[in-house]
1. Kirkwood Rh and Cα-based Rg: tell me the resulting Rg over Rh for the range 60-144, rounded to two decimals.
2. On a straight-distance basis, which lysines could pair with K97 in a cross-link, Cα separation under 30 angstrom, same-chain partners fewer than 8 positions away excluded?
3. What does the charge count near H156 come to, summing +1 for each Lys or Arg and -1 for each Asp or Glu among other residues with Cβ under 13 Å from its Cβ?
4. In whole Hz and in residue order, list the ³J(HN,Hα) couplings for the range 246-252 that follow from phi through the Karplus curve 6.51 cos²θ - 1.76 cosθ + 1.60, θ = phi - 60°; x for Gly and Pro.
5. With a 1.4 Å probe and every protein chain kept in, tell me what percent of the accessible surface of the range 42-138 is carbon plus sulfur.
6. Going by amide H atoms built from the backbone, whose H comes under 5 Å of the H on G23, apart from near neighbours?
7. With point charges of +1 on the Cβ of Lys and Arg and -1 on the Cβ of Asp and Glu, referenced to the Cα centre of the chain, which listed residue (W119, Q226, G339) lies farthest in the positive direction of the dipole?
8. On a 0 to 90° scale, report how tilted helix 39-49 is relative to the longest principal axis of the chain, with both axes built from alpha carbons and the result rounded to the nearest 10.
Amino acid sequence: MNSTIFVGLDVHKATVSVAVAEGTRGGEVRLFGTVANRAEVIEKLVGRLARDGYRLSFCYEAGPCGYGLYRQLTALGHECVVVAPSLIPVRAGDRVKTDRRDAVMLAKLHRAGELTAVWVPDGAHEAMRDLIRARATAVQVLGKARQHLQGFLLRHGRVYPGKRGWTQAYRRWLTTVRFEHPAQQAVLQDYIHAVTDAEARVARLTRQIEGLVAEWSMAPVVAALQAMRGVAFLVAVTVVAEVGDFSRFANPRQLMAYLGLVPSEHSSGASVRRGGITKAGSGLARRILIEGAWSYRMPARVSRKLYDRIEALPQSVRDIAWKAQARLCARYRRLTAAGKAKVVVTTAIAREMVGFLWAIAREVQPRPAS
């Protein structure tokens, strides 16, 4: 027997609800049961479902349990897809949601081909992505620690007379701040220590990223993307970690949509309504690209830092990067002259940056032949 059974899994930390749908259209869909979320139990479940010679095709929603179940099922020789939860079709009138219903729904939609799969990174790529996200979290913690310290000082009338904070002069000024009550002085020192610890954590994670990227399979793509203005090492490695395999996008528009940089739309009949960007996908990658877009407010040129980054790159990559810089700097000036808001300008520049990043990545990582 060589027919296919579609298996929907509703995965949680301790349990997995299982539903199966026969491969033929209109075939039976039934709840198989709930099993423990342990590797040995999943292996026994697969053996029971496949014992009559059925080909199994599993699916489950992407979530906090990660890709371990996907890797186990594929290692056992069966097909598995991890589904994007936000793209699962939902009936408007359905007001009942349970684990069992979710498993049955996944099995039905998987058989009908209505589910959208996410790209699953390999173990090395996922590890690098975890490291980069850990640094991004550390940067957020550092920002909060600095905000707490400055808020405390402002609340008690201690205002730095200089123009910029967190310079060496600002840190020297912090050592001169005194409070009459010992409790407030203790609070000040605790806030300063929190900032120092957070800065050390960010620096430590940054060094670890720099040391491990050289051994990463995506290191050539990271190096090539740095040919773009506004895309230094940390921006490049973050984009590559969040996007993954650039060759899975047939054109730049798909990558723009994946990063949530395309306008939302709600049109019907003759009415066309477009709103802000969709903000789908990785918010981290989208944020750093918009920050990088600010560099195009200055005239096009190759600075010393940029020259050092592109010196060893292929000429084709350097040509794409220069074309991008000339076009995006001119685009920035036109949008600004037209009176567009800064957030609109930087978002538009970031969207066009993605197209050039896609082209550069394809030069280094060509699309595999079909």
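The values are calculated or read from the model by the stated rules, or taken from the named source; none is laboratory data. The structure presented is a predicted model; accordingly, all values stated were derived computationally and were not measured. We place every Cβ from the backbone using ideal geometry, glycine too, and count neighbours over all the protein chains shown. Remember, those area values only see protein heavy atoms, side chains included, never the ligands or the DNA or RNA. Shrake-Rupley method; radii C 1.70, N 1.55, O 1.52, S 1.80 Å.
1. Numbers: Rg = 16.5 Å, Rh = 15.3 Å.
Using Cα coordinates only, the ratio equals 1.08.
2. By straight Cα distance, K97 reaches K13, K44, K108, K279.
3. On the way: positive: R155, R158, R178; negative: E180.
Net charge around H156: +2.
4. Residue by residue, the range 246-252 yields 5, 5, 7, 9, 6, 8, x Hz.
5. Values: 2690 of 5350 Å².
C and S atoms contribute 50 percent here.
6. It is T4, F6, by chain and number.
7. Going by the charge dipole, the pick is G339.
8. 30 degrees
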